[in-house]
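Working notes for the structure below.
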Ligand SMILES: [Zn+2]
């Protein structure tokens, strides 16, 4: 919300308020001042001048030579506009003035000196376009500063009013805050209202739940006219476009009091009867912004006997709008149900200053006050306000609340002891009456704070806020010592992150969203069956919650390649989502995605270029498996997934738990993604992986006898997997066999087709003695014979 | 005659030794030493021939000449060995010095990866709180309206709901707009004292230069006997100083959140302008870093705590914002672009 310093000064009746001081105390009391603007700065060296002579420029058809009275002296001005006459008052930019970033100086135009410039509204930044220069009316005084004369010599505050303080969406509300903070005595007393006795207007509220109060007054014999310059200036500074006096007054009074007003052309109403009711199915209204609005039940309308004439609390109707011919005005000051207004404004996509205020619930007592203020201003400006009494329809509601405030509770919540007297002083400053009763303070919450001061704690906040948060002392909680810290799961995730970044991978974090198109492209198979869908996505890219980390990580590859970053060892730890089997929430699973692509090693002076392959990725899984499951073996079982290369595709299993998948991205998929390099990807279910970690470890004595290594090379059918061979070796070896390491694998011309040569280095060690060669030879013989028997393997010489 | 003979031999040996000493002194390398060795101790040397001819001497002279000759031999051998070892070490040293090594050729670097900046900052903040005795709690990202709004004192039609543009999964299931629902979930399961923080992803339906539809928060909740606003101030001041540096000023501004009362926003003084006002702090000299407040007693009703016995405070801070302020990152979106050149800086 925007308001101005002069307006505040006027309401507070004080002239000694500094702009920065006001900004600071408001910010520090909860109404943050986002911006302080000084509109007059733009108009430095621009004054009111009067044209005292003009004649055509002898050498230019379209230019006029003017002599302009600037009070101090007379100036020669060459002007290109044609909309002025001798005697007109104008906005005169003197040398030194700055218009749209151009500094005005004395110049020669077609041989004639021009000692400044007469400005158009557009040049002054007062409107988007204008024809000719701005002509000022008679009330302007020659020599006066233009900004001051226009009512623009003011300071504008842009405020962020929190949603619990609808009362602060007004100059009066903010003035009340300042009064409390600065100890200025301020009261807004009821001025006394004349309630209509006659039946000149019939108000029918169908549902007081939708409209607790509807007050109105009829003003007669209105002459169409502009509002005064100062009022237009204030409205403009508050970002409201001036229109005509009546409309400007409704806006002005709304800004000042917080009560939205609406003016109807009384004569355009079908009947002297206002009906406030819910809209009917299929009803429509043309609003003053010239749009036809389809109404829905639940929206509140103001209707006459022929149909809706206004969208209550949001926008008036075009048909009964104030216009140049308006003679009689029906002024509405009503109170509408906040949630209804909020829903209607949301579903129509139409927000206004009025709806914004109603949404937050306004004091129903304000209607009469606002009408009175309108009337007073109208009388002051036009010298005339012929009007009816006030027509007022309402359901009596309780708007005063008695609360008990315990000073001891105040201190318990705030920490520092504040005296009962101090507390009462603060409340009284806020125009909240209070009195001491025994140990407690009895508080009467006034109507204008009825919505937000419901409980003792609400009063405690008021006290803290006005006293000043930064005046309270800071103290550590008097905690009984607590251990705190991380669960085993949290520790494992931290450790994983540490390990993976330690071995060269970089951690990415992607959005949880995924599009239908991406899901289809990645052929995620079963995972697309139970997708979690967002019913109001920003756009189709954000429609689903991702069931896999792969698509986003593949996109990371693509995005990096754009910048020629092609070597990407990446990981991500994030949740994937699917519909839960039970309950309404999603099944959320923490996943670890690991992706390798590009070069493992660039060519260097002492190294050859090499590329990541499947076994680099498998090695990472083995590293993790060994770190967290030292007793178990990682086993990859071939299984096809749509997004993986059919041969390089499998599940990873540790012990008897399937912990995830591993593979190479299908060449077709890479092609669709326009990525011309191999991508290896593994996804591990972290919840499974971590939950099964055995955290306790037992020390095993370090071997004291030396080990012996022996090598064997065998030839077997190339289809036999290495884990099968190893299993046979382990089974055949005795307890002395401590290690099996493949150190060579050969397929090719040297050996029979369909066969491969596998060379293993076997480690033997005795737990209680140094082994003799003969013992190891016996082991080797047994292993070889078992390999030959079980796998038809032959020893390769 | 015999004695003369003996004296003669001894004298010639002595002269030979002098010669040896001279030659050895001049020896410049191990090769010279080798030559000297051959010359003075070899088959054709004086000492060799002396010993060879010793049989010709009388039995009285034999031991005298023999003993003396062996003394010379031993002396010469020792001196040769000393000299040789000295020269060898000099020569070896020289050979080492002659090696040409470019010490500035690139080394073989182990691969260095990187934790994500968001993870790093979360871990850092977790460590601060763990040190103060807090536990770390988690909750679902797909959440019910009840936990995200209702139980946080934000019923349907509450004006504060419009501040959170929410992604919905169904009428009453949504993507959590803050980590605060975990407050309720945790209190439902645990009795006070409660000291927790909750890091996690949150979602709002907003996507422009200064908003991403997903971002990261850390929530905090303390509920215990006798917790007051001063405790909130101390805790958050301490944390702000740990994160942003001891020299930062910290201030508390009243604000509004439906689930805390009194509520505050917390600012730290701008490091760039030292409080004078600059572009980064929009001229105010202060940077907002977190929202906080005393837990609204209404929340305790949802979790069956006794408002007269316990009180507490809660706070929430945006991790990306902390990163931006601390590292001078100016585009929020860069956190989720995952450009390796960005990732590797942290
Ligand atoms: Zn700054």
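The values are calculated or read from the model by the stated rules, or taken from the named source; none is laboratory data. Remember, predicted model here, so these are calculated numbers, not experimental data. Don't worry about glycine lacking a Cβ; one is built from the backbone with ideal geometry, like all the others, and counts go over all protein chains shown.
Overview of results
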{"read-out": "Some residue of the stretch B:333-341 being away from the ligand (no atom under 16 Å from the Cβ) and on the phi > 0 side of the Ramachandran plot", "value": "yes"}
{"read-out": "Residue A:430, sole failed condition from (1) crowded, with 16+ Cβ neighbours inside 10 Å; (2) in contact with a strand residue (DSSP E or B) (Cβ under 9 Å, 6 or more places away or on another chain); (3) within 20 Å of residue A:364 (Cα to Cα)", "value": "(2)"}
{"read-out": "Members of the stretch B:293-325 found to be more than 23 Å from residue A:415 (Cβ to Cβ) and within 11 Å of chain A (Cβ to nearest Cβ), listed by number", "value": "B:319, B:320"}
{"read-out": "Selection within the stretch B:275-301 - over 14 Å from residue B:253 (Cα atoms), away from the ligand (no atom under 13 Å from the Cβ) and not in a helix (DSSP H, G or I)", "value": "B:295, B:296"}
{"read-out": "Residues of the stretch A:23-56 satisfying the condition of being free of Cβ contacts under 8 Å to residues at least 60 places away in the same chain and within 14 Å of chain B (Cβ to nearest Cβ)", "value": "A:24, A:27"}
{"read-out": "Listing of helices (runs of 4 or more DSSP H) fully contained in the stretch A:469-583 that carry 3 or more residues being away from chain B (no Cβ under 11 Å) and surrounded by fewer than 16 Cβ atoms within 10 Å (Cβ to Cβ)", "value": "A:516-522"}
{"read-out": "The stretch B:263-274, residues that are within 7 Å of the ligand (Cβ to nearest atom) and free of Cβ contacts under 8 Å to residues at least 12 places away in the same chain", "value": "B:272"}
{"read-out": "Sole residue being more than 30 Å from residue B:201 (Cα to Cα) and either modelled with pLDDT of 95 or more or more than 9 Å from every other protein chain (Cβ to nearest Cβ) (or both), chosen from B:121, B:101, B:142", "value": "B:101"}
{"read-out": "Residues of the stretch B:70-107 that turn out to be in a loop (DSSP other than H, G, I, E, B) and either touching a strand residue (DSSP E or B) at 6+ places or on another chain (Cβ under 7 Å) or touching a residue at least 40 places away in the same chain (Cβ under 8 Å) (or both), as a count", "value": "1"}
{"read-out": "Test for residue A:330: is it more than 23 Å from residue A:245 (Cβ to Cβ), touching a helix residue (DSSP H, G or I) at 6+ places or on another chain (Cβ under 9 Å) and either away from chain B (no Cβ under 14 Å) or not in a strand (DSSP E or B) (or both)", "value": "no"}
{"read-out": "Strands (runs of 3 or more DSSP E) contained entirely in the stretch A:49-107, each with at least 3 residues that are within 53 Å of the chain's Cα centre (by Cα)", "value": "A:74-79, A:89-93"}
{"read-out": "Every residue from the stretch A:693-720 that is within 25 Å of residue A:660 (Cβ to Cβ) and in contact with a helix residue (DSSP H, G or I) (Cβ under 9 Å, 6 or more places away or on another chain)", "value": "A:693, A:694, A:695"}
{"read-out": "Pair list, Cβ < 8 Å and 6+ apart or interchain, from the stretch A:579-605 residues that are more than 30 Å from residue B:111 (Cβ to Cβ) to residues that are in a loop (DSSP other than H, G, I, E, B) and modelled with pLDDT of 95 or more", "value": "A:585/B:140; A:586/B:140; A:586/B:141; A:588/B:140; A:588/B:141"}
{"read-out": "Residue selected from the stretch A:109-165 under the condition out of contact with any helix residue (DSSP H, G or I) (no Cβ under 8 Å at 6 or more places or on another chain) and within 25 Å of residue A:16 (Cβ to Cβ), by the criterion modelled with the highest pLDDT", "value": "A:158"}
{"read-out": "Residue in the stretch A:450-463 that is in contact with a strand residue (DSSP E or B) (Cβ under 6 Å, 6 or more places away or on another chain) and free of Cβ contacts under 8 Å to residues at least 24 places away in the same chain present", "value": "yes"}
{"read-out": "Of all residues in the stretch B:209-229 being surrounded by 19 or more Cβ atoms within 10 Å (Cβ to Cβ) and away from chain A (no Cβ under 11 Å), the one that is farthest from the chain's Cα centre (by Cα)", "value": "B:221"}
{"read-out": "Qualifying residue in the stretch B:243-254 (condition: in contact (Cβ under 8 Å) with a residue 40 or more places away in the chain, assigned by TED's automatic domain parsing to the domain that holds residue B:295 and either within 16 Å of the ligand (Cβ to nearest atom) or within 21 Å of residue B:130 (Cβ to Cβ) (or both))", "value": "yes"}
{"read-out": "Residue within the stretch B:302-324 that is within 13 Å of the ligand (Cβ to nearest atom) and either under 23 Å from residue B:124 (Cα atoms) or in the same structural domain as residue B:161 (by TED's automatic domain parsing) (or both) present", "value": "no"}
{"read-out": "Qualifying residue in the stretch A:157-164 (condition: more than 30 Å from residue A:58 (Cβ to Cβ), in a loop (DSSP other than H, G, I, E, B) and away from chain B (no Cβ under 14 Å))", "value": "no"}
{"read-out": "Residue B:157, sole failed condition from (1) at positive phi; (2) assigned to a helix (DSSP H, G or I)", "value": "(2)"}
{"read-out": "Test result for residue B:232, in contact (Cβ under 8 Å) with a residue 40 or more places away in the chain, away from chain A (no Cβ under 11 Å), touching a strand residue (DSSP E or B) at 6+ places or on another chain (Cβ under 6 Å) and more than 16 Å from the ligand (Cβ to nearest atom)", "value": "no"}
{"read-out": "Qualifying residues in the stretch B:262-292 (those that are within 14 Å of chain A (Cβ to nearest Cβ) and on the phi > 0 side of the Ramachandran plot) - the one surrounded by the most Cβ atoms within 10 Å (Cβ to Cβ)", "value": "B:285"}
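Matching residues to (1) at pLDDT 90 or above; (2) facing chain A (nearest Cβ under 7 Å); (3) touching a helix residue (DSSP H, G or I) at 6+ places or on another chain (Cβ under 8 Å):
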{"residue": "B:133", "(1), (2), (3)": "yes, yes, no"}
{"residue": "B:136", "(1), (2), (3)": "yes, yes, yes"}
{"residue": "B:152", "(1), (2), (3)": "yes, no, yes"}
{"residue": "B:155", "(1), (2), (3)": "no, no, no"}
{"residue": "B:160", "(1), (2), (3)": "no, yes, no"}
{"residue": "B:172", "(1), (2), (3)": "yes, no, yes"}
{"residue": "B:181", "(1), (2), (3)": "yes, no, yes"}
{"residue": "B:189", "(1), (2), (3)": "yes, no, no"}
{"residue": "B:204", "(1), (2), (3)": "yes, no, no"}
